[in-house]
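J.: Let me give you the structure first, and then I'll get to my questions.
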Amino acid sequence: MNAINVSVGLIVMVCLAVFVASINQGDANEVIMHKSENCECCTEWADHLKKDGGFTVVERVHDNMDEIKKTLGMPEKLASCHTGVIGGYLIEGHVPAADITRLLKEKPDVVGLTAPGMPMKSPGMQKPGLPAKGYDVLAIKGDGSTYVFSHY
């Protein structure tokens, strides 16, 4: 019975994430970024998306990011500091603009991408213009499992 409850809960979580993501998405080039009020790395990541990806970023500031992540369906173990939404996909943390561009072009059957934690050599966490290095960007499948989308 426990496995059934977990499976039903996961299905509900994914359906809710897709529904909320569809409400939160802007145009095809617009990232809705949910963040805490004083997070500088989030703002620097947004600057990276604008400069290196040509994205428009709309910042939405929240007092309780854990609740936002839960509502959007981001698994806690895959979380970072900010959560973006574009094209119906979730973008968690310091995912490089090139990966988002690839995601939107290839349109894989995934919930989104994540760079769990706060990788120190990722866009927004290091000096602008330096290449991403030393971490993986993971694709999140509908069942909550992941696979490596890009390796840096």
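No value in this document is a laboratory result; all are computed from the given coordinates. In this text the structure is predicted, and so the values were computed from the model without any measurement. Note that each Cβ is placed from the backbone with ideal geometry, even for glycine, and that neighbours are counted across all protein chains shown.
J.: Could you give the distance between the Cα centres of segment 27-77 and segment 88-109, to the whole Å?
T.: Segment 27-77 and segment 88-109 have Cα centres spaced 13 Å from each other.
J.: What is the spin-label model distance, in nm, from Arg60 to Lys107 if the labels are put 7 Å beyond Cα along the C-beta direction?
T.: 2.4
J.: Another question, then. Could you tally the net charge around Pro96, taking each other residue with its Cβ under 10 Å from the Cβ of Pro96, Lys/Arg +1 and Asp/Glu -1?
T.: Every neighbour counted, the sum reads -1.
J.: Most exposed first by the Cβ proxy, i.e. fewest other Cβ within 10 Å, how do Glu40, Glu30 rank?
T.: The fewest-first ordering by Cβ neighbours comes to Glu40, Glu30.
J.: Now for a different question. Grab the other residues whose beta carbon is less than 11 angstrom from that of Val137, score K and R as +1, D and E as -1, and report the net. If you can, show how the numbers build up before the last one.
T.: Numbers: positive: Arg102; negative: Glu92, Asp99, Asp136.
Within the 11 Å Cβ shell, the charges total -2.
J.: Can you compute 3J(HN,Hα) from phi for each residue in segment 107-112, using the Karplus curve 6.51 cos²θ - 1.76 cosθ + 1.60 with θ = phi - 60°, rounded to whole Hz and x for Gly and Pro?
T.: 6, x, 7, 9, 6, x
J.: Residue-wise, which Karplus ³J(HN,Hα) couplings in Hz belong to segment 33-38, taking 6.51 cos²θ - 1.76 cosθ + 1.60, θ = phi - 60°, and x for glycine or proline?
T.: My calculation for segment 33-38 gives 10, 8, 8, 7, 4, 10 Hz in order.
J.: Quick check: residue separation of Ala98 and Leu130 times 0.36 nm, minus the Cα distance between them. What number comes out in nm?
T.: 10.2 nm
J.: Now for a separate question. For a quick protection proxy, order the peptides 138-147, 100-109 by their average other-Cβ count within 10 Å, most packed first.
T.: Details: 138-147: 16.4, 100-109: 13.6.
Descending mean neighbour count gives 138-147, 100-109.
J.: Express in nm, to one decimal, how much length is gained between Glu40 and Lys77 on full extension, taking 0.36 nm for each residue of separation and deducting their alpha carbon distance.
T.: Numbers: separation 37, 0.36 × 37 = 13.32 nm, distance 2.24 nm.
Result: 11.1 nm gained on full extension.
J.: How much net charge surrounds Pro116 when only the other residues with a Cβ under 11 Å from the Cβ of Pro116 are counted, with Lys and Arg +1 and Asp and Glu -1?
T.: Net of charged neighbours comes to -2.
J.: What is the set of long-range amide H partners of Leu90 at a cut-off below 5 Å, with H atoms built 1.01 Å from backbone N?
T.: Gly112, Leu113
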